[in-house]
Structure formats: structure tokens, C-alpha cells
Amino acid sequence: MRKMVNFCDKCGALLTPRRNKDGSVTLICKICKTESKERFNESSYQISSKIQHSEKDKLTVVEEEFDIRPSIKVACPRCNHYEARYWEAEDRRKEEWETTTYYKCTKCNWVWSE
């Protein structure tokens, strides 16, 4: 089967197929609503909505969280586990900027700051 893509002569947008009541197919532009004069019979034009993906197009889903922040040996105030990820952020307190260090426990995911 030959695959073909048709474009609107008026605006250049992609023409999409529409099946008529008699079973024939007409191409119509969704942008300017121009309808093609050419009609296709059911056997010469097949409407398919399934997209064939190659192995290169497939996406690998990683379900577990991957944290790239550095870890430090510090006791979690919630579970007493002795490892946490940390990061720093600047906060504006009163009239000057302060740097706050945040920690996230690698066991219970509790977040606290110092």
C-alpha cells in the first residue's frame, strides 16, 4: 500500500481524510475548511490511526527517583538514619540574603533545614 500525504492548495496545511456517507473518502483542510475535489473509493484509500514506531522512537520509563544531589553523613531528626542528600538555597531575611542548607533523608525522605 502506498502512503501519501496531501497538503492544502490554499493554505498549505495537512489535509485530513473524512469518510462520506457513501463510503468514499474526501480530504479536507482543518485550517481553512477547503475540501479536495478528488474523491477516493474505499478500496483505494485506507484511513489508519495506528502509528508504527521504530525501536529508536520508543521511550524507556524509569520509575524510581534518581537524586543527583550530594550526600552527607548527618542524623535524620525523624528516623535517626545517618545519611541525607543536601542542597543550599538563598533566602532574603530582613535586609540581607542568607543561605539555608536543606537536607533530605535517604531512608524516610524527611526534609529539614539548618
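The values are calculated or read from the model by the stated rules, or taken from the named source; none is laboratory data. Just so we're clear, the structure is a prediction, and the values are computed from it rather than from any experiment. Please note: Cβ atoms are built from the backbone with ideal geometry, for glycine as well, and neighbour counts cover all protein chains shown.
Structure notes:
- Annotation: of all residues in the range 32-50 being at pLDDT 75 or above and part of a loop (DSSP other than H, G, I, E, B), the one that is farthest from the chain's Cα centre (by Cα) is Thr34.
- Close pairs from the range 16-30: first modelled with pLDDT under 85, partner of a type in the set (Asp, Glu), Cβ under 9 Å, at least 6 apart: Arg18/Glu35; Arg19/Glu42; Gly23/Glu42; Ser24/Glu42; Val25/Glu42; Thr26/Glu35; Thr26/Glu38
- Taking the criterion of being of a type in the set (Val, Ile, Thr) and surrounded by 10 or more Cβ atoms within 10 Å (Cβ to Cβ), the residues of the range 70-112 that qualify are Ile72, Val74, Thr100, Thr101, Thr106, Val111.
- Residue, modelled with the highest pLDDT, within the range 90-108, restricted to residues that are over 33 Å from the mean Cα position of the chain (by Cα) and outside any strand (DSSP E or B): Glu95
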